[in-house]
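Remarks on the structure that follows.
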Amino acid sequence: MTTGAPTPSSAARPPRSRLRTYLPLGIAAWLVLEIWLLTVVAGASSGLTVFLLLLAGFVLGAVVIKRAGRRAFQNLSQAVQQGTAPASGGGSGLMMLGGLLLMIPGLISDVAGLLLLIPPVQKALARYAERMVERKLGKAVPGTLGDAFQQARMRRPDGKVVQGEVIRDEPGGDAPQGPRPPLTS
């Protein structure tokens, strides 16, 4: 069935990013490697040993996630009580990721999860991620997501500050022509 609309040419489509190309292949390779490694370990020892390893990883991951979540909540509640910003770099996010990797069945994910629980590895990954974010934000051009949510503060007559989003009306659009009513609640 055709709609009469021309199909877009390949030049009109944006190029596919490397992440979208290789991420599914990487996940498939990781899954195949995990299954192969589990069968090798099961053949070398027994199926019960593999089951106990996976169960221990799941329990350890749950304990790590619970502890990291509790630590993050305590840091947040202390910051709220003191009226300051929460301390960054606590490593709770990376510890939670490590716990999640421990909970995923597989030996490679368990090793990656255990590596994320080591403090020097956490610090190195946090620095790397911070540099990557700074580099990506430095390359951002106006008109992108960073520019989309420009915030404005409006002061009401009673002195309260109302935060809102600035929306610029384009000329010739369907913008209201008359004065706008005052903001009251």
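The values are calculated or read from the model by the stated rules, or taken from the named source; none is laboratory data. This one's a predicted model, so the numbers in the text were calculated from it and none came from an experiment. Cβ sites come from the backbone with ideal geometry, for glycine too, and all protein chains shown count toward neighbours.
Quick look at the numbers
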{"read-out": "Options Ala87, Ala42, Ala62, Ala72: the member that is at pLDDT 90 or above and under 24 Å from the mean Cα position of the chain (by Cα)", "value": "Ala62"}
{"read-out": "Neighbours by Cβ (under 8 Å, 6+ apart or cross-chain): first from region 119-139, under 14 Å from Gly93 (Cβ atoms); second part of a helix (DSSP H, G or I) and not small (Gly, Ala, Ser)", "value": "Val121/Leu115; Gln122/Leu94; Gln122/Met95; Gln122/Leu116; Leu125/Leu94; Leu125/Leu116; Ala126/Leu94"}
{"read-out": "Selection status of Leu23, out of contact with any helix residue (DSSP H, G or I) (no Cβ under 8 Å at 6 or more places or on another chain) and either farther than 18 Å from Leu100 by Cα or modelled with pLDDT under 90 (or both)", "value": "yes"}
{"read-out": "Of residues in region 1-20 being assigned to a loop (DSSP other than H, G, I, E, B) and under 30 Å from Leu101 (Cβ atoms), the one modelled with the highest pLDDT", "value": "Ser17"}
{"read-out": "Flag if Arg67 is touching a helix residue (DSSP H, G or I) at 6+ places or on another chain (Cβ under 6 Å), surrounded by 10 or more Cβ atoms within 10 Å (Cβ to Cβ) and either closer than 25 Å to Ser92 by Cα or modelled with pLDDT of 90 or more (or both)", "value": "no"}
